[in-house]
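Undergrad: What follows is a structure written as structure tokens; I'll ask about it next.
The values are calculated or read from the model by the stated rules, or taken from the named source; none is laboratory data. Computed from a predicted model, the values in this text were never measured in an experiment. Here Cβ is always computed from backbone atoms with ideal geometry, including for glycine, and neighbour counts include all displayed protein chains.
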Amino acid sequence: MTHDDALAHLDAHYPSMPPVRALQLAIESFDGERLRLSAPLAANVNDKGCAFGGSLASLMTLACWGRVWLELDAAGLDCDIYVADSRIRYLAPLYDDLHAQAAPAPDARWDEFVAAIRAKGRGRIEMAARIDLPDGRPATTFDARFAAILRPAG
């Protein structure tokens, strides 16, 4: 699958899940390292007029999940991908549209992740995401470990 085909597939997959469809997320960009997603504040607002914490968490989880999927697709691996555990830090309220970016954690290695899946049928990778305030300071950060399990052929 080409880079553009993979992004189109991911873009079509996200709204197939009703809770994700409610976020009204969009793929902003993928530069080969970072996947960026966005969602409008109007669809993700809480009773205080700022971004709903669950929406912030969901968008960052989906950005990391999508980034892992893109890497596995590029490696020709068909896997089920799960968030194994995560830590979210809410640092400041966001009164603007949500813009998440996700990439592997600084010490994570795609080659080791892919090699583990090829050798054992499963692997884990550390991911990181954030949503910034309009001035560039972080509103929310997310660190997570994702697990991928190779689907049986056929």
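Undergrad: Take the conditions part of a strand (DSSP E or B) and surrounded by 14 or more Cβ atoms within 10 Å (Cβ to Cβ) and apply them to R36. Does it pass?
TA: Against the criterion (part of a strand (DSSP E or B) and surrounded by 14 or more Cβ atoms within 10 Å (Cβ to Cβ)), R36 qualifies.
Undergrad: From the list A57, A63, A42, A8, pick out the single residue that is at pLDDT 95 or above, more than 21 Å from D143 (Cα to Cα), assigned to a helix (DSSP H, G or I) and not hydroxyl-bearing (S, T, Y).
TA: A42
Undergrad: Could you tell me which of the residues A139, A144, A103 is touching a Pro at 6+ places or on another chain (Cβ under 9 Å), under 23 Å from L23 (Cβ atoms), surrounded by 15 or more Cβ atoms within 10 Å (Cβ to Cβ) and of a type in the set (G, A, S)?
TA: Every option except A139 fails the conditions.
Undergrad: A follow-up question, please. Give all pairs with beta carbons closer than 9 Å in which a residue from the range 47-59 that is without any contact (Cβ under 8 Å) to a residue 24 or more places away in the chain meets a residue that is surrounded by fewer than 20 Cβ atoms within 10 Å (Cβ to Cβ) and not in a helix (DSSP H, G or I); count only pairs at least 6 apart in sequence or on separate chains.
TA: Note: pairs meeting the criteria are F52/V45; F52/N46; G54/N46.
Undergrad: Kindly establish whether L91 is at negative phi and surrounded by 21 or more Cβ atoms within 10 Å (Cβ to Cβ).
TA: no
Undergrad: Go through (1) in a strand (DSSP E or B); (2) closer than 20 Å to G32 by Cα; (3) small (G, A, S) and name the single condition G123 misses.
TA: (2)
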